[in-house]
Amino acid sequence: MVTALTRAALIASWCLTFLAARGQDDPFGRMPKWSVDQLHEDLDALVEALKKHHPAPYRYCTPEQFDRRVDSLRTSLDRPLTEFEFLGRIAALYPLLGDGHTLFLPTEEWATPARYFPLPVVFTDSALYLGCEAQRPDHPHNGARILRINGTPAEAIIDTLLTRQVRDGRHTSYATWILNKWFRSYYRLSFGEPGSFQVLIEQHGERTMMELDAVTSSEVRTPCSHGTGSAWELSFLTDSTALLRIGSFKPADLRTKDIDALFTTLEERGIQRLVLDLRGNEGGGPRSAERLLAHLLDRPFSLVAKGPFARTTKPRRPTYSGKLCTLMDGGSFSATAMVLAQLELHARGALIGEESGGNRTVISGSARTMHLPHTRIACTISRKDWWLVEREVDGRGVMPTHPVASALDHDAALVRALHVLEDH
(Lines give C-alpha, C1' and ligand atoms only; values in the text may rest on other atoms or scores of the structure.)
Protein backbone atom coordinates (compact mmCIF):
# COMPACT_ATOMS: atom_id res chain seq x y z
CA MET A 1 0.00 0.00 0.00
CA VAL A 2 2.24 2.76 1.24
CA THR A 3 5.61 1.15 0.61
CA ALA A 4 6.84 -1.15 -2.13
CA LEU A 5 7.41 -3.92 0.41
CA THR A 6 5.29 -4.66 3.45
CA ARG A 7 6.60 -3.59 6.81
CA ALA A 8 6.62 -7.23 7.86
CA ALA A 9 8.97 -8.18 5.05
CA LEU A 10 11.27 -5.23 5.68
CA ILE A 11 11.53 -5.74 9.40
CA ALA A 12 11.87 -9.51 9.17
CA SER A 13 14.67 -9.29 6.63
CA TRP A 14 16.49 -6.70 8.77
CA CYS A 15 15.89 -8.20 12.18
CA LEU A 16 16.66 -11.82 11.46
CA THR A 17 19.87 -11.06 9.67
CA PHE A 18 21.59 -7.73 9.95
CA LEU A 19 21.38 -5.97 13.30
CA ALA A 20 24.41 -5.24 15.46
CA ALA A 21 25.51 -2.91 18.17
CA ARG A 22 25.82 0.59 19.54
CA GLY A 23 29.39 1.32 20.54
CA GLN A 24 30.35 -2.36 20.62
CA ASP A 25 33.39 -4.13 19.28
CA ASP A 26 32.71 -6.23 16.19
CA PRO A 27 33.46 -9.72 17.57
CA PHE A 28 33.78 -11.28 14.12
CA GLY A 29 35.84 -8.55 12.45
CA ARG A 30 33.24 -8.16 9.72
CA MET A 31 32.84 -4.44 9.23
CA PRO A 32 35.05 -1.54 8.24
CA LYS A 33 34.76 1.74 10.08
CA TRP A 34 33.83 4.97 8.37
CA SER A 35 35.71 8.18 9.11
CA VAL A 36 34.19 11.11 10.97
CA ASP A 37 34.03 13.15 7.75
CA GLN A 38 32.26 10.32 5.92
CA LEU A 39 29.74 9.91 8.73
CA HIS A 40 29.04 13.64 8.73
CA GLU A 41 28.46 13.54 4.98
CA ASP A 42 26.02 10.63 5.35
CA LEU A 43 24.14 12.43 8.13
CA ASP A 44 23.92 15.60 6.05
CA ALA A 45 22.62 13.63 3.06
CA LEU A 46 19.92 12.01 5.19
CA VAL A 47 18.80 15.28 6.78
CA GLU A 48 18.70 17.03 3.40
CA ALA A 49 16.53 14.23 1.97
CA LEU A 50 14.14 14.29 4.92
CA LYS A 51 13.66 18.04 4.73
CA LYS A 52 13.25 17.97 0.95
CA HIS A 53 11.01 14.96 0.44
CA HIS A 54 9.15 14.04 3.63
CA PRO A 55 5.63 15.54 3.59
CA ALA A 56 5.66 16.55 7.26
CA PRO A 57 9.05 16.30 8.99
CA TYR A 58 7.87 18.74 11.68
CA ARG A 59 4.45 17.24 12.44
CA TYR A 60 5.56 16.04 15.88
CA CYS A 61 8.40 18.46 16.58
CA THR A 62 9.41 22.02 15.79
CA PRO A 63 12.10 22.81 13.22
CA GLU A 64 14.27 23.99 16.11
CA GLN A 65 13.86 20.70 17.97
CA PHE A 66 14.71 18.75 14.83
CA ASP A 67 17.82 20.82 14.15
CA ARG A 68 18.97 20.50 17.75
CA ARG A 69 18.71 16.72 17.52
CA VAL A 70 20.70 16.75 14.27
CA ASP A 71 23.37 18.97 15.84
CA SER A 72 23.58 16.61 18.79
CA LEU A 73 23.98 13.66 16.45
CA ARG A 74 26.69 15.44 14.49
CA THR A 75 28.58 16.23 17.70
CA SER A 76 28.36 12.59 18.78
CA LEU A 77 30.04 11.47 15.55
CA ASP A 78 33.50 12.16 16.93
CA ARG A 79 35.22 8.87 16.09
CA PRO A 80 35.09 6.29 13.28
CA LEU A 81 32.04 4.00 13.44
CA THR A 82 30.84 0.88 11.70
CA GLU A 83 27.72 0.98 9.57
CA PHE A 84 25.67 -0.60 12.34
CA GLU A 85 26.97 1.77 14.99
CA PHE A 86 26.04 4.71 12.78
CA LEU A 87 22.63 3.17 12.16
CA GLY A 88 22.04 3.14 15.91
CA ARG A 89 22.82 6.87 16.05
CA ILE A 90 20.49 8.02 13.25
CA ALA A 91 17.64 5.90 14.69
CA ALA A 92 17.34 8.74 17.24
CA LEU A 93 15.40 10.64 14.53
CA TYR A 94 12.49 8.18 14.61
CA PRO A 95 10.66 9.67 17.64
CA LEU A 96 10.82 13.15 16.07
CA LEU A 97 9.46 12.02 12.70
CA GLY A 98 6.65 9.88 14.11
CA ASP A 99 6.38 8.06 10.77
CA GLY A 100 6.41 4.29 10.76
CA HIS A 101 6.93 4.18 6.99
CA THR A 102 10.19 6.12 7.11
CA LEU A 103 12.98 3.79 8.18
CA PHE A 104 16.70 3.17 7.82
CA LEU A 105 17.97 -0.30 6.90
CA PRO A 106 21.54 -1.63 6.71
CA THR A 107 23.22 -3.25 3.74
CA GLU A 108 23.39 -7.04 3.47
CA GLU A 109 27.14 -7.28 3.18
CA TRP A 110 27.82 -7.82 6.89
CA ALA A 111 24.97 -10.22 7.64
CA THR A 112 26.83 -13.20 9.07
CA PRO A 113 28.06 -14.62 11.33
CA ALA A 114 25.84 -13.43 14.16
CA ARG A 115 24.99 -14.18 17.80
CA TYR A 116 21.66 -13.76 19.61
CA PHE A 117 20.07 -13.91 23.04
CA PRO A 118 19.05 -17.59 23.31
CA LEU A 119 15.45 -17.31 24.60
CA PRO A 120 12.42 -15.36 23.37
CA VAL A 121 11.43 -12.30 25.38
CA VAL A 122 8.02 -10.74 25.89
CA PHE A 123 8.63 -6.99 25.69
CA THR A 124 6.31 -4.39 27.19
CA ASP A 125 6.92 -0.70 27.83
CA SER A 126 7.42 -1.44 31.52
CA ALA A 127 8.87 -4.95 31.87
CA LEU A 128 10.60 -7.88 30.17
CA TYR A 129 9.52 -11.51 30.56
CA LEU A 130 10.83 -14.80 29.28
CA GLY A 131 8.43 -16.02 26.62
CA CYS A 132 7.69 -19.47 25.26
CA GLU A 133 8.80 -21.16 22.07
CA ALA A 134 6.75 -23.42 19.84
CA GLN A 135 9.29 -26.20 20.30
CA ARG A 136 9.56 -25.76 24.08
CA PRO A 137 6.20 -24.51 25.45
CA ASP A 138 6.84 -26.11 28.85
CA HIS A 139 10.17 -24.44 29.60
CA PRO A 140 10.34 -24.09 33.42
CA HIS A 141 11.09 -20.35 33.32
CA ASN A 142 8.33 -19.28 30.90
CA GLY A 143 6.76 -16.09 32.24
CA ALA A 144 9.64 -15.22 34.57
CA ARG A 145 10.36 -11.50 34.82
CA ILE A 146 13.80 -10.42 33.59
CA LEU A 147 15.52 -8.01 35.96
CA ARG A 148 18.96 -7.70 34.32
CA ILE A 149 20.84 -8.94 31.28
CA ASN A 150 24.63 -8.84 31.56
CA GLY A 151 24.36 -6.31 34.37
CA THR A 152 22.05 -3.88 32.54
CA PRO A 153 18.71 -3.29 34.30
CA ALA A 154 15.62 -4.19 32.31
CA GLU A 155 14.39 -0.58 32.59
CA ALA A 156 17.50 0.70 30.79
CA ILE A 157 17.10 -1.94 28.07
CA ILE A 158 13.48 -0.96 27.53
CA ASP A 159 14.28 2.75 27.37
CA THR A 160 17.13 2.27 24.91
CA LEU A 161 15.20 0.02 22.54
CA LEU A 162 12.05 2.16 22.54
CA THR A 163 14.05 5.32 21.84
CA ARG A 164 15.57 3.71 18.74
CA GLN A 165 12.37 2.29 17.26
CA VAL A 166 9.99 3.58 14.58
CA ARG A 167 6.47 4.62 15.50
CA ASP A 168 3.43 6.30 13.92
CA GLY A 169 2.77 9.45 15.90
CA ARG A 170 3.69 10.14 19.50
CA HIS A 171 2.76 6.80 21.07
CA THR A 172 4.85 3.63 21.24
CA SER A 173 2.25 0.94 20.51
CA TYR A 174 3.86 -0.06 17.19
CA ALA A 175 7.38 0.22 18.61
CA THR A 176 6.48 -2.04 21.53
CA TRP A 177 4.82 -4.56 19.21
CA ILE A 178 7.93 -4.72 16.99
CA LEU A 179 10.23 -5.19 19.96
CA ASN A 180 7.96 -7.84 21.43
CA LYS A 181 8.16 -9.76 18.15
CA TRP A 182 11.85 -9.29 17.39
CA PHE A 183 13.42 -8.45 20.74
CA ARG A 184 16.52 -10.59 20.25
CA SER A 185 17.53 -8.89 17.02
CA TYR A 186 16.97 -5.38 18.31
CA TYR A 187 18.76 -6.20 21.55
CA ARG A 188 21.71 -7.17 19.39
CA LEU A 189 21.51 -3.80 17.64
CA SER A 190 21.92 -1.79 20.82
CA PHE A 191 23.75 -4.08 23.23
CA GLY A 192 25.99 -6.18 21.03
CA GLU A 193 26.42 -9.91 20.54
CA PRO A 194 28.39 -11.43 23.43
CA GLY A 195 29.13 -15.13 23.51
CA SER A 196 27.22 -15.65 26.75
CA PHE A 197 24.59 -13.97 28.93
CA GLN A 198 24.05 -13.61 32.66
CA VAL A 199 20.31 -13.19 33.16
CA LEU A 200 18.77 -12.32 36.52
CA ILE A 201 15.12 -13.41 36.64
CA GLU A 202 12.37 -13.35 39.25
CA GLN A 203 9.69 -16.01 39.40
CA HIS A 204 7.26 -16.91 42.19
CA GLY A 205 9.04 -14.45 44.49
CA GLU A 206 12.47 -16.03 43.99
CA ARG A 207 15.45 -14.64 42.08
CA THR A 208 17.67 -16.83 39.91
CA MET A 209 20.83 -16.01 37.95
CA MET A 210 20.96 -17.97 34.69
CA GLU A 211 24.12 -18.50 32.60
CA LEU A 212 23.19 -18.85 28.93
CA ASP A 213 25.25 -19.27 25.76
CA ALA A 214 24.43 -17.17 22.70
CA VAL A 215 22.81 -18.84 19.69
CA THR A 216 23.21 -18.35 15.94
CA SER A 217 20.45 -17.24 13.58
CA SER A 218 19.79 -20.85 12.57
CA GLU A 219 19.10 -21.68 16.22
CA VAL A 220 16.58 -18.89 16.81
CA ARG A 221 13.33 -20.74 17.32
CA THR A 222 9.78 -19.71 16.54
CA PRO A 223 8.01 -17.97 19.45
CA CYS A 224 4.53 -19.02 20.50
CA SER A 225 1.74 -16.77 19.21
CA HIS A 226 -2.00 -16.67 18.69
CA GLY A 227 -1.71 -16.11 14.93
CA THR A 228 -1.46 -18.80 12.27
CA GLY A 229 1.05 -17.03 10.04
CA SER A 230 -1.32 -17.24 7.04
CA ALA A 231 -2.85 -14.23 5.28
CA TRP A 232 -6.37 -15.17 6.35
CA GLU A 233 -8.29 -17.89 8.15
CA LEU A 234 -12.01 -18.38 8.73
CA SER A 235 -13.17 -20.66 11.52
CA PHE A 236 -16.58 -21.33 13.05
CA LEU A 237 -16.79 -21.23 16.84
CA THR A 238 -20.49 -22.08 17.03
CA ASP A 239 -23.31 -22.45 14.49
CA SER A 240 -23.83 -18.68 14.59
CA THR A 241 -20.37 -17.33 15.57
CA ALA A 242 -17.30 -17.07 13.33
CA LEU A 243 -13.71 -15.91 13.73
CA LEU A 244 -12.12 -14.27 10.69
CA ARG A 245 -8.42 -13.60 11.04
CA ILE A 246 -6.83 -11.38 8.39
CA GLY A 247 -3.06 -11.23 8.78
CA SER A 248 -2.23 -9.18 5.68
CA PHE A 249 -3.83 -6.86 3.14
CA LYS A 250 -1.01 -7.42 0.68
CA PRO A 251 -2.63 -8.05 -2.73
CA ALA A 252 -0.61 -11.21 -3.32
CA ASP A 253 -1.90 -12.62 -0.01
CA LEU A 254 -5.51 -11.46 0.01
CA ARG A 255 -7.37 -10.83 -3.24
CA THR A 256 -10.63 -8.92 -3.39
CA LYS A 257 -12.39 -12.02 -4.75
CA ASP A 258 -11.19 -13.93 -1.68
CA ILE A 259 -12.90 -11.37 0.55
CA ASP A 260 -16.12 -11.61 -1.50
CA ALA A 261 -16.06 -15.40 -1.13
CA LEU A 262 -15.52 -15.16 2.63
CA PHE A 263 -18.61 -13.01 3.13
CA THR A 264 -20.66 -15.24 0.85
CA THR A 265 -19.71 -18.13 3.14
CA LEU A 266 -20.70 -16.13 6.23
CA GLU A 267 -24.10 -15.42 4.68
CA GLU A 268 -24.63 -19.04 3.64
CA ARG A 269 -23.77 -20.25 7.13
CA GLY A 270 -26.13 -17.77 8.75
CA ILE A 271 -23.44 -16.20 10.91
CA GLN A 272 -24.85 -13.62 13.34
CA ARG A 273 -21.75 -12.91 15.41
CA LEU A 274 -18.33 -12.19 13.90
CA VAL A 275 -14.94 -11.67 15.50
CA LEU A 276 -12.60 -9.92 13.06
CA ASP A 277 -8.98 -10.40 14.13
CA LEU A 278 -6.63 -7.73 12.71
CA ARG A 279 -3.86 -8.15 15.28
CA GLY A 280 -0.39 -8.17 13.81
CA ASN A 281 -1.69 -7.10 10.39
CA GLU A 282 0.84 -4.51 9.21
CA GLY A 283 -1.19 -3.57 6.16
CA GLY A 284 -0.58 -4.02 2.45
CA GLY A 285 -2.93 -2.89 -0.32
CA PRO A 286 -5.75 -0.34 0.08
CA ARG A 287 -8.02 -2.20 -2.32
CA SER A 288 -8.23 -5.28 -0.11
CA ALA A 289 -8.78 -3.10 2.95
CA GLU A 290 -11.49 -1.14 1.14
CA ARG A 291 -13.23 -4.34 -0.03
CA LEU A 292 -13.36 -5.68 3.52
CA LEU A 293 -15.06 -2.51 4.74
CA ALA A 294 -17.50 -2.61 1.83
CA HIS A 295 -18.85 -5.89 3.25
CA LEU A 296 -19.01 -4.55 6.82
CA LEU A 297 -20.47 -1.03 6.46
CA ASP A 298 -24.04 -0.30 5.37
CA ARG A 299 -23.41 3.19 3.98
CA PRO A 300 -20.83 4.86 1.70
CA PHE A 301 -17.40 5.51 3.18
CA SER A 302 -13.93 6.76 2.24
CA LEU A 303 -10.96 4.62 3.23
CA VAL A 304 -8.81 7.69 2.55
CA ALA A 305 -10.40 11.12 2.93
CA LYS A 306 -7.60 13.09 1.24
CA GLY A 307 -4.45 12.02 -0.58
CA PRO A 308 -3.62 8.92 -2.63
CA PHE A 309 -6.59 6.56 -3.13
CA ALA A 310 -9.12 9.14 -1.88
CA ARG A 311 -12.57 8.13 -3.12
CA THR A 312 -16.05 7.17 -1.93
CA THR A 313 -16.97 3.50 -1.82
CA LYS A 314 -20.47 1.99 -1.63
CA PRO A 315 -21.42 -1.08 0.41
CA ARG A 316 -21.07 -4.39 -1.39
CA ARG A 317 -23.29 -7.46 -1.20
CA PRO A 318 -23.43 -9.61 0.75
CA THR A 319 -23.17 -6.97 3.46
CA TYR A 320 -22.64 -8.48 6.89
CA SER A 321 -25.11 -6.81 9.25
CA GLY A 322 -24.69 -9.01 12.31
CA LYS A 323 -22.81 -8.28 15.53
CA LEU A 324 -19.12 -7.46 15.08
CA CYS A 325 -16.11 -7.29 17.37
CA THR A 326 -12.67 -6.38 16.00
CA LEU A 327 -9.41 -7.41 17.67
CA MET A 328 -6.48 -5.00 17.36
CA ASP A 329 -2.99 -4.38 18.73
CA GLY A 330 0.20 -2.43 18.12
CA GLY A 331 0.89 -4.50 15.00
CA SER A 332 -2.32 -3.19 13.38
CA PHE A 333 -0.56 -0.76 11.09
CA SER A 334 -0.80 1.09 7.76
CA ALA A 335 -3.84 -0.12 5.73
CA THR A 336 -5.12 -1.91 8.83
CA ALA A 337 -5.20 1.38 10.73
CA MET A 338 -7.25 2.76 7.84
CA VAL A 339 -9.80 -0.02 8.35
CA LEU A 340 -9.89 0.56 12.10
CA ALA A 341 -10.31 4.32 11.64
CA GLN A 342 -13.42 3.71 9.54
CA LEU A 343 -14.83 1.14 11.96
CA GLU A 344 -14.33 3.71 14.72
CA LEU A 345 -15.84 6.53 12.68
CA HIS A 346 -18.93 4.47 11.78
CA ALA A 347 -19.22 2.98 15.30
CA ARG A 348 -19.26 -0.49 13.73
CA GLY A 349 -18.92 -2.78 16.71
CA ALA A 350 -16.56 -3.05 19.64
CA LEU A 351 -12.80 -2.56 19.16
CA ILE A 352 -10.97 -4.88 21.53
CA GLY A 353 -7.31 -5.11 22.49
CA GLU A 354 -4.55 -2.50 22.38
CA GLU A 355 -4.02 0.85 20.64
CA SER A 356 -3.30 0.40 16.96
CA GLY A 357 0.24 0.91 15.74
CA GLY A 358 -0.95 2.96 12.78
CA ASN A 359 -2.13 6.55 13.18
CA ARG A 360 -5.87 7.19 13.47
CA THR A 361 -5.84 10.43 11.47
CA VAL A 362 -2.99 10.66 8.95
CA ILE A 363 -0.39 8.22 7.64
CA SER A 364 2.72 9.25 5.74
CA GLY A 365 3.69 6.89 2.95
CA SER A 366 4.24 6.48 -0.81
CA ALA A 367 7.88 6.07 0.17
CA ARG A 368 11.01 5.92 -1.97
CA THR A 369 14.45 4.64 -1.04
CA MET A 370 17.84 6.34 -1.26
CA HIS A 371 21.25 5.05 -0.16
CA LEU A 372 23.62 7.13 1.90
CA PRO A 373 26.84 7.86 -0.01
CA HIS A 374 29.36 6.05 2.22
CA THR A 375 27.70 3.53 4.54
CA ARG A 376 25.11 2.70 1.84
CA ILE A 377 22.39 2.50 4.49
CA ALA A 378 19.01 2.32 2.72
CA CYS A 379 16.79 5.22 3.80
CA THR A 380 13.14 4.73 2.89
CA ILE A 381 11.44 8.13 3.14
CA SER A 382 7.73 8.89 2.84
CA ARG A 383 6.68 11.29 0.10
CA LYS A 384 2.92 11.82 0.62
CA ASP A 385 0.30 12.06 3.37
CA TRP A 386 -2.75 9.80 3.41
CA TRP A 387 -5.46 11.53 5.48
CA LEU A 388 -7.91 9.02 6.91
CA VAL A 389 -10.34 11.26 8.80
CA GLU A 390 -10.64 15.04 8.79
CA ARG A 391 -9.74 15.95 12.37
CA GLU A 392 -6.88 17.44 14.33
CA VAL A 393 -3.77 15.27 14.48
CA ASP A 394 -3.26 14.03 18.03
CA GLY A 395 -0.47 11.56 17.34
CA ARG A 396 -2.49 8.58 18.58
CA GLY A 397 -3.53 5.30 17.05
CA VAL A 398 -7.10 4.04 16.97
CA MET A 399 -8.08 3.41 20.60
CA PRO A 400 -9.93 0.25 21.64
CA THR A 401 -13.41 0.63 23.10
CA HIS A 402 -12.54 -2.37 25.31
CA PRO A 403 -8.83 -2.23 26.28
CA VAL A 404 -7.33 -5.67 26.83
CA ALA A 405 -3.62 -6.22 27.36
CA SER A 406 -1.89 -9.20 25.78
CA ALA A 407 -1.60 -12.18 28.12
CA LEU A 408 1.29 -14.64 28.32
CA ASP A 409 -0.82 -17.76 28.73
CA HIS A 410 -4.15 -17.19 26.94
CA ASP A 411 -5.91 -15.10 24.29
CA ALA A 412 -7.56 -12.55 26.59
CA ALA A 413 -8.79 -10.31 23.74
CA LEU A 414 -10.66 -13.14 22.02
CA VAL A 415 -12.23 -14.19 25.33
CA ARG A 416 -13.43 -10.60 25.88
CA ALA A 417 -14.80 -10.40 22.33
CA LEU A 418 -16.90 -13.53 22.79
CA HIS A 419 -18.29 -12.14 26.04
CA VAL A 420 -19.14 -8.82 24.37
CA LEU A 421 -20.92 -10.59 21.50
CA GLU A 422 -22.99 -12.62 23.93
CA ASP A 423 -23.91 -9.60 26.03
CA HIS A 424 -25.22 -7.47 23.17
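The values are calculated or read from the model by the stated rules, or taken from the named source; none is laboratory data. The structure displayed is predicted, hence computed values, not measured ones. FYI the Cβ positions are ideal-geometry reconstructions off the backbone, even for glycines, and counts take in every protein chain you see.
Tabulated data
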quantity: Residue within the stretch 100-116 that is within 29 Å of Glu202 (Cβ to Cβ) and among the aromatic types (Phe, Trp, Tyr) present; calculated: yes
quantity: Residues of the stretch 263-286 that turn out to be surrounded by fewer than 18 Cβ atoms within 10 Å (Cβ to Cβ) and touching a residue at least 24 places away in the same chain (Cβ under 8 Å), as a count; calculated: 6
quantity: Residue in the stretch 294-301 that is surrounded by fewer than 19 Cβ atoms within 10 Å (Cβ to Cβ) and without any contact (Cβ under 8 Å) to a residue 40 or more places away in the chain present; calculated: yes
quantity: The lone exception for Lys52 - which of (1) farther than 30 Å from Ser248 by Cα; (2) modelled with pLDDT under 95 it fails; calculated: (2)
quantity: Some residue of the stretch 173-196 being among the aliphatic types (A, V, I, L, M) and not in a helix (DSSP H, G or I); calculated: no
quantity: Selection from the stretch 321-339 of residues that are buried (at least 24 other Cβ atoms within 10 Å of the Cβ) and either out of contact with any helix residue (DSSP H, G or I) (no Cβ under 7 Å at 6 or more places or on another chain) or of a type in the set (Ser, Thr, Tyr) (or both); calculated: Thr326, Ser332, Ser334, Thr336, Ala337
quantity: Strands (runs of 3 or more DSSP E) lying entirely in the stretch 324-424 (those with 2 or more residues that are within 28 Å of Lys314 (Cβ to Cβ)); calculated: 350-353, 362-365, 384-387
quantity: Flag if Glu233 is surrounded by fewer than 24 Cβ atoms within 10 Å (Cβ to Cβ) and in a strand (DSSP E or B); calculated: yes
quantity: The stretch 173-226 - residue that is hydroxyl-bearing (Ser, Thr, Tyr) and within 29 Å of Met399 (Cα to Cα) and, of those, modelled with the lowest pLDDT; calculated: Ser225
quantity: Verdict on Val199 being outside the structural domain of Phe84 (by TED's automatic domain parsing) and under 24 Å from Leu327 (Cα atoms); calculated: no
quantity: In the stretch 193-221, the residues that are under 28 Å from Leu81 (Cβ atoms), surrounded by 15 or more Cβ atoms within 10 Å (Cβ to Cβ) and touching a Lys or Arg at 6+ places or on another chain (Cβ under 8 Å); calculated: Glu193, Pro194, Ala214, Val215, Val220
quantity: Test for Asn150: is it polar (S, T, N, Q) and in contact (Cβ under 8 Å) with a residue 60 or more places away in the chain; calculated: no
quantity: Residue under evaluation Arg360, criteria (1) on the phi > 0 side of the Ramachandran plot; (2) touching a helix residue (DSSP H, G or I) at 6+ places or on another chain (Cβ under 6 Å), criterion not met; calculated: (1)
quantity: Count of the stretch 304-318 residues which are under 17 Å from Arg348 (Cα atoms) and touching a residue at least 40 places away in the same chain (Cβ under 8 Å); calculated: 2
